[in-house]
Amino acid sequence: MQPTPLASGLRAAPVPAQGQGAALSSALPAGSVHPRDVLLGAQAQSGFLPVCDHYSGVEARMRKSLQLQAEMAQELGTCVFDVTLDCEDGAPVGFESDHARLVASLALGAEPTARVAARVHAVDHPAFANDVATIVGEAGHRLCHIMVPKVESVDDVLQVERALERASAPQLPIHVLIESPAAVHRAFEIAAHPRVQSLSFGLMDFVSAHGGAIPAQGMTSAGQFAHPLVVRAKLEIAAACHAHGKVPSHCVVTEFTDTVAMQGAARRAAQELGYTRMWSIHPAQIRPILQAFAPQQDDIENASKIIAAAAQADWAPISFEGVLHDRASYRFYWQILERAHHTGRALPSSVRHWFGASAVVPS
């Protein structure tokens, strides 16, 4: 039996009628503490990132990606995807230094509000040191993070950390790409490093690392959710991230012209495997990823009512529609609102003020 307000001492939550959300917001104390300060701790994700990480490595596509980011940010009221400028696969062999200088130049020329990152070469590649020295040394203050591929252990992360210190960017977040069975085995250790913000799964290299033991079907949009070794690796990475408050980022779908396959993969990554972010390798993949990772409007409305009522109760336990809620469930519903904001979804007025002027207003 659910406790009633009278029997348990809980405060019954007032449910704002349609159109009364603004009145509820204005009733909150002017100095009211922000939900992030109350609800997010060791058990919660340490930072919120856009749910889509878009990769491009050819100059024309990198420029178009940055332009699209600015256009969609204006449309949706917030930056809904990162642009990662790629050196690992984007740099022509023998011209890695030229490509690093191009990436630094593009990062410096991006819009002031742009979220732009760079994927450098792996730590054991001859171009790694120059990548970091050039891109981070020249444009580190414009980068939201640096992506490092083929990370095998914490030792690799420490090497990246030292390179960033030499480039005078000791606080730049590190994103790592897990691409081998050994790296999956060490995912929890890697995720525990305080400088690591996100772990991504590298599907193609992971399958290739098995020497043919995983068939080519394991790299397809459907097969990657069916082969046990691939699914196990994805779950290990997601679990490692959630254990340490980091962001798990799902791998690519290479069939970029197949919208149905893209939507299905993004939906399964978000709803079945615990991922909160996903890679895009084509502009047509961005909106399907946003749609798959965004909360449903009914969930947004429900979360808004619970969080607004919780704030009015000074975050004490409440009875909402006959159900007990306290800080454990508040954290869950707050994170729905964070994800809604970061996917450009409209927020009710009862919670919009916590997201500043960029919050999308329902049409």
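The values are calculated or read from the model by the stated rules, or taken from the named source; none is laboratory data. Treat the numbers as computed from the prediction; the structure is a model and nothing was measured. Methodologically, a virtual Cβ is constructed for each residue, glycine included, from the backbone with ideal geometry; neighbour enumeration extends over all protein chains shown. Side chains included, ligands, DNA and RNA excluded: accessible areas come from the protein's heavy atoms. Shrake-Rupley method; radii C 1.70, N 1.55, O 1.52, S 1.80 Å.
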Is at least one residue of region 336-348 surrounded by fewer than 20 Cβ atoms within 10 Å (Cβ to Cβ), of a type in the set (Ser, Thr, Tyr) and under 21 Å from the mean Cα position of the chain (by Cα)? no
Please work out which one of (1) open to solvent by less than 60 Å² (accessible area, probe 1.4 Å); (2) modelled with pLDDT of 95 or more; (3) hydrophobic (A, V, I, L, M, F, W, C) is the condition residue 261 fails and give its number. (2)
Conditions (1) under 16 Å from the mean Cα position of the chain (by Cα); (2) part of a loop (DSSP other than H, G, I, E, B); (3) of a type in the set (S, T, N, Q): number failed by residue 257: (1)
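Has region 278-287 got any residue that is of a type in the set (Phe, Trp, Tyr) and more than 16 Å from residue 82 (Cα to Cα)? Reasoning before the result, please.
Filtering region 278-287 for residues of a type in the set (Phe, Trp, Tyr) gives 279.
Those still in the list that are more than 16 Å from residue 82 (Cα to Cα) too: none.
The answer is no, given that none of the residues of region 278-287 is of a type in the set (Phe, Trp, Tyr) and more than 16 Å from residue 82 (Cα to Cα).
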Enumerate the pairs (first residue in region 240-263 and within 19 Å of residue 274 (Cα to Cα) and among the small types (Gly, Ala, Ser); second residue anywhere and open to solvent by 70 Å² or more (accessible area, probe 1.4 Å) and not in a loop (DSSP other than H, G, I, E, B)) with beta-carbon separation below 7 Å, excluding pairs fewer than 6 apart on the same chain, so at least 6 apart or on different chains. 240/188; 243/188
Could you look through region 197-237, keep only residues that are within 20 Å of residue 267 (Cα to Cα) and charged (D, E, K, R), and pick out the one that is most open to solvent (accessible area, probe 1.4 Å)? 232
Across (1) buried (at least 18 other Cβ atoms within 10 Å of the Cβ); (2) outside any helix (DSSP H, G or I); (3) over 18 Å from the mean Cα position of the chain (by Cα), residue 314 clears everything bar (1)
Pairs under 6 Å by beta carbon, first residue under 18 Å from residue 183 (Cα atoms) and touching a residue at least 24 places away in the same chain (Cβ under 8 Å) in region 207-230, partner open to solvent by 70 Å² or more (accessible area, probe 1.4 Å) and of a type in the set (Lys, Arg), six or more apart or different chains? none
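Which one of these is more than 29 Å from residue 56 (Cα to Cα) and either under 16 Å from the mean Cα position of the chain (by Cα) or without any contact (Cβ under 8 Å) to a residue 12 or more places away in the chain (or both): 291, 296? Step through it out loud before you land on a result.
Working: 291 fails: more than 29 Å from residue 56 (Cα to Cα).
One residue alone meets the criteria, 296.
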Exactly one condition in (1) at pLDDT below 90; (2) open to solvent by less than 30 Å² (accessible area, probe 1.4 Å); (3) polar (S, T, N, Q) is false for residue 329; which is it? (1)
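Looking only at helices (runs of 4 or more DSSP H) that lie completely in region 1-107, which have at least 1 residues being touching a helix residue (DSSP H, G or I) at 6+ places or on another chain (Cβ under 8 Å), surrounded by 15 or more Cβ atoms within 10 Å (Cβ to Cβ) and modelled with pLDDT under 90?
Working: elements: 5-8, 21-27, 35-39, 59-76.
Passing ranges, in order: 21-27, 35-39.
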